[in-house]
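Engineer: For reference, the structure I am asking about is given below.
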Amino acid sequence: GEQPDRLDRLELRLKTLERENRGLRRELEAMREDQDEVSQRVDSIMPLTGKVGGYLDVGFFHAQGNGAGVRPDIGHLNFPEYSGVVPDSWVFMGDPLSTTVNSRGEPADTGESRAITFDGINSQGKSSFILNAFNLNVLAGLGKQVSVEGLVDFVPRGRNVSEPDTAGRFALGDFIDVKLGYMRWQVPVKRLDFDLYAGKIDTGFGYEYRIQESPNRIGVTPSLICRYTCGRNLGLRARLKFLAKRSLILNLAVTNGSSFAENFAFANEIDTNNFKTSTGRLSYVFRVGSGLEIGASGSVGAQDFQPAELVLQKQYGVDLHLEVKGLDLTAEFVQGEIDGKTEPGDAPCGIAPCLDFKGAYGLLGYRALTWLMPYARVDWRQAHHQSGASFVYNSDTLRITPGLRFELGTAVIFKLEYTVNRELGRIPEIRNDVFTSSLVARI
């Protein structure tokens, strides 16, 4: 009677539950298939994901005198030791990059310079509006750990098209500067952050290279030593971050040439020797304010633009950056030597040019308001640069640069600064102070 009926009902319920479970399994399998299909589609789309950005940088500037930071030592009055070795009109005093007007480090005029002859602005001491650069930044993801980045400046410059340039070509003055182009692999390892870069890269020397783009730089112009640290070259770089909160940072790079900027005379992209340049930087971030980072850097390699392996180009430096309670402080020192090569009996450094240099800067900004940051920089450079009987430069320059930075929302920045140039030692005063400005719009 009652007991068999109860068993029949239980058996019927079990069969119903089995049918429902089979249905749920089929639905779950279908969902998994759909998820796999979606994942495959996402993976196929990933190489196409990315970001396009950049900025527009326009300005106005005026440089005193003829716009150049060097003058010839006519009559060998200040440096008589070069009499009979280098013609007086080719013995230069001052710094050819002391009259920079923008974040690209372009001087208002190169004047009679023989070491830096590319005169993109050529202001001849006149004031001018200028489109410093139209910058394009492309970032694309290739899967989960790999990305590609490119950074390009489109630079409009003037030239009289009725006259040939020094190479005998007729062309406009506009040019394209490929600043960065590299692949980055975020290596999946435990207990540290490990990034590998290949292509045209920042070599990782010092600190200023990280903030050299116009929106990132507090002021308008680079320091006097940026020419030694802000260069980008072709090669490989590894960055490793260790310890708690990734406080210890190690950068290692092997590149064709040095970390010298391309607007200086000792930087090449395609190498002319087999001894590559090795660069390293070790830094530690202390938890003070938003961070106190102290670093030390060094590099050595064969001198650029010459074939010998044992003609060396080497430098070292230390740097500091602190952000705390509205203050932004950066300080850096660098010293180095480029051996050059001399033919016995000829003028020094005739086969390959020589350079001894050292310099430093300190930059302090204070965020007085959310939209206003006054700042001041003091920088100094001392250098001796000779290329046989072709030319010699004696530089000993101190600059004082006060300025104001206005942030108009999140996308627009306006900067004003005035640079006072002072020549030291045996170099007579040169009339070469510079006023410049920059209006930057992030894209």
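The values are calculated or read from the model by the stated rules, or taken from the named source; none is laboratory data. Just so you know, these numbers come straight off a predicted model, no measurement behind them. Note: ideal-geometry Cβ built from the backbone for every residue, glycine included; neighbour counts use all protein chains shown. To get the accessible areas, we keep the full protein, side chains included, count just its heavy atoms, and leave off ligands, DNA and RNA. Shrake-Rupley method; radii C 1.70, N 1.55, O 1.52, S 1.80 Å.
Engineer: Please indicate, with yes or no, whether at least one residue in the range 424-433 is of a type outside the set (F, W, Y) and within 22 Å of the chain's Cα centre (by Cα). Outline the logic, then answer.
Structural biologist: If we filter the range 424-433 for residues that are of a type outside the set (F, W, Y), which is where we start, we get 424-433.
Filter again for within 22 Å of the chain's Cα centre (by Cα), leaving none.
No, that holds for no residue.
Engineer: Which residues, taken from the range 406-443, are of a type in the set (S, T, Y), touching a Gly at 6+ places or on another chain (Cβ under 8 Å), under 17 Å from Q64 (Cβ atoms) and crowded, with 18+ Cβ neighbours inside 10 Å?
Structural biologist: Restricting attention to the range 406-443, the residues satisfying the condition of being of a type in the set (S, T, Y) are 410, 418-419, 436-438.
Cutting the leftovers down to touching a Gly at 6+ places or on another chain (Cβ under 8 Å) gives us 418, 436-438.
With under 17 Å from Q64 (Cβ atoms) added as a condition, the list becomes 418, 436-437.
Within the range 406-443, T436, S437 meet the criteria.
Engineer: Further question on the same structure: Please go through (1) surrounded by fewer than 20 Cβ atoms within 10 Å (Cβ to Cβ); (2) closer than 18 Å to R227 by Cα; (3) not small (G, A, S) for L292 and return the number of the only condition it doesn't satisfy.
Structural biologist: Answer for L292: the failing condition is (2).
Engineer: Please go through the range 203-255 and give me each residue that is of a type in the set (D, E) and surrounded by 22 or more Cβ atoms within 10 Å (Cβ to Cβ), ordered by number.
Structural biologist: Restricting attention to the range 203-255, the residues satisfying the condition of being of a type in the set (D, E) are 208, 213.
E208, the sole residue that qualifies.
Engineer: Here is a follow-up. Any chance the range 74-81 includes a residue that's surrounded by 19 or more Cβ atoms within 10 Å (Cβ to Cβ) and touching a strand residue (DSSP E or B) at 6+ places or on another chain (Cβ under 6 Å)? Please lay out each step first, then the result.
Structural biologist: Within the range 74-81, the first condition is being surrounded by 19 or more Cβ atoms within 10 Å (Cβ to Cβ), and the residues that meet it are none.
No, because not a single residue in the range 74-81 is surrounded by 19 or more Cβ atoms within 10 Å (Cβ to Cβ) and touching a strand residue (DSSP E or B) at 6+ places or on another chain (Cβ under 6 Å).
Engineer: Further, regarding this structure: Please work out which one of (1) open to solvent by less than 20 Å² (accessible area, probe 1.4 Å); (2) over 21 Å from V220 (Cβ atoms); (3) of a type in the set (D, E, K, R) is the condition R114 fails and give its number.
Structural biologist: In the conditions (1) open to solvent by less than 20 Å² (accessible area, probe 1.4 Å); (2) over 21 Å from V220 (Cβ atoms); (3) of a type in the set (D, E, K, R), R114 misses (1) alone.
Engineer: Residues in the range 409-424 that are in contact (Cβ under 8 Å) with a residue 24 or more places away in the chain and more than 15 Å from S437 (Cα to Cα): how many?
Structural biologist: Number of matching residues: 6.
Engineer: Then there's this: Starting from the range 149-174, keep only residues that are at pLDDT 90 or above and in a loop (DSSP other than H, G, I, E, B), then list their pairs with residues that are surrounded by fewer than 16 Cβ atoms within 10 Å (Cβ to Cβ) and of a type in the set (A, V, I, L, M, F, W, C) whose Cβ atoms are within a distance under 9 Å, requiring at least 6 positions of separation or different chains.
Structural biologist: Sorted first by the residue in the range 149-174, then by its partner, the pairs are P156/L131; P156/L172; P156/F175.
Engineer: Every residue in the range 208-230 that is touching a residue at least 12 places away in the same chain (Cβ under 8 Å), of a type outside the set (K, R) and in contact with a helix residue (DSSP H, G or I) (Cβ under 8 Å, 6 or more places away or on another chain), please.
Structural biologist: Hits for the range 208-230 are E208, Y209, Q212, I218, P222, S223, I225, C226, T229, C230.
Engineer: Determine, yes or no, whether R281 is surrounded by fewer than 16 Cβ atoms within 10 Å (Cβ to Cβ), in contact (Cβ under 8 Å) with a residue 40 or more places away in the chain and not polar (S, T, N, Q).
Structural biologist: Values: surrounded by fewer than 16 Cβ atoms within 10 Å (Cβ to Cβ): no; in contact (Cβ under 8 Å) with a residue 40 or more places away in the chain: yes; not polar (S, T, N, Q): yes.
No; evaluated as a whole, the condition is false for this residue.
Engineer: Something else: Considering the range 348-381 alone, what residues qualify as being more than 25 Å from Q303 (Cβ to Cβ), without any contact (Cβ under 8 Å) to a residue 40 or more places away in the chain and open to solvent by less than 60 Å² (accessible area, probe 1.4 Å)?
Structural biologist: If the condition is that a residue be more than 25 Å from Q303 (Cβ to Cβ), without any contact (Cβ under 8 Å) to a residue 40 or more places away in the chain and open to solvent by less than 60 Å² (accessible area, probe 1.4 Å), then G362, L372, P374, A376 are the ones that fit.
Engineer: Next question. Which one of the conditions (1) in a strand (DSSP E or B); (2) at pLDDT below 95 does T279 fail to meet, given that it meets all the rest?
Structural biologist: Of everything listed in (1) in a strand (DSSP E or B); (2) at pLDDT below 95, T279 misses just condition (2).
Engineer: Determine whether Q306 is open to solvent by less than 70 Å² (accessible area, probe 1.4 Å), closer than 30 Å to N273 by Cβ and assigned to a strand (DSSP E or B). Before the answer, list the steps.
Structural biologist: Working: open to solvent by less than 70 Å² (accessible area, probe 1.4 Å): yes; closer than 30 Å to N273 by Cβ: yes; assigned to a strand (DSSP E or B): no.
Answer is no for this residue.
Engineer: Now a separate question. Which condition does G336 not pass, out of (1) more than 30 Å from I270 (Cα to Cα); (2) at pLDDT 95 or above; (3) open to solvent by less than 20 Å² (accessible area, probe 1.4 Å); (4) not charged (D, E, K, R), if it passes all the others?
Structural biologist: Among (1) more than 30 Å from I270 (Cα to Cα); (2) at pLDDT 95 or above; (3) open to solvent by less than 20 Å² (accessible area, probe 1.4 Å); (4) not charged (D, E, K, R), the lone unmet condition for G336 is (1).
Engineer: Specify the residue that is modelled with the lowest pLDDT; the eligible residues are those in the range 315-333 that are open to solvent by 50 Å² or more (accessible area, probe 1.4 Å) and more than 19 Å from the chain's Cα centre (by Cα).
Structural biologist: K325
Engineer: Moving to a separate point now. On the given criteria, is G295 out of contact with any helix residue (DSSP H, G or I) (no Cβ under 7 Å at 6 or more places or on another chain), farther than 14 Å from K358 by Cβ and in contact (Cβ under 8 Å) with a residue 60 or more places away in the chain?
Structural biologist: Values: out of contact with any helix residue (DSSP H, G or I) (no Cβ under 7 Å at 6 or more places or on another chain): yes; farther than 14 Å from K358 by Cβ: yes; in contact (Cβ under 8 Å) with a residue 60 or more places away in the chain: yes.
So G295 fits the description; yes.
Engineer: If you don't mind, another one. Among the residues of the range 53-90, count how many are under 33 Å from the mean Cα position of the chain (by Cα), of a type in the set (F, W, Y) and over 24 Å from V155 (Cβ atoms). Give the derivation first.
Structural biologist: Going through the range 53-90, the residues under 33 Å from the mean Cα position of the chain (by Cα) turn out to be 53-72, 90.
Next cut, of a type in the set (F, W, Y) only: 55, 60-61, 90.
Narrowing the set further to residues that are over 24 Å from V155 (Cβ atoms) leaves 90.
Total satisfying the criteria: 1.
Engineer: Can you confirm whether N263 is part of a loop (DSSP other than H, G, I, E, B), more than 15 Å from Y209 (Cβ to Cβ) and either among the hydrophobic types (A, V, I, L, M, F, W, C) or out of contact with any strand residue (DSSP E or B) (no Cβ under 7 Å at 6 or more places or on another chain) (or both)? Full working, then the answer.
Structural biologist: Details: part of a loop (DSSP other than H, G, I, E, B): yes; more than 15 Å from Y209 (Cβ to Cβ): no; either among the hydrophobic types (A, V, I, L, M, F, W, C) or out of contact with any strand residue (DSSP E or B) (no Cβ under 7 Å at 6 or more places or on another chain) (or both): yes.
When the stated conditions are applied, N263 does not pass them.
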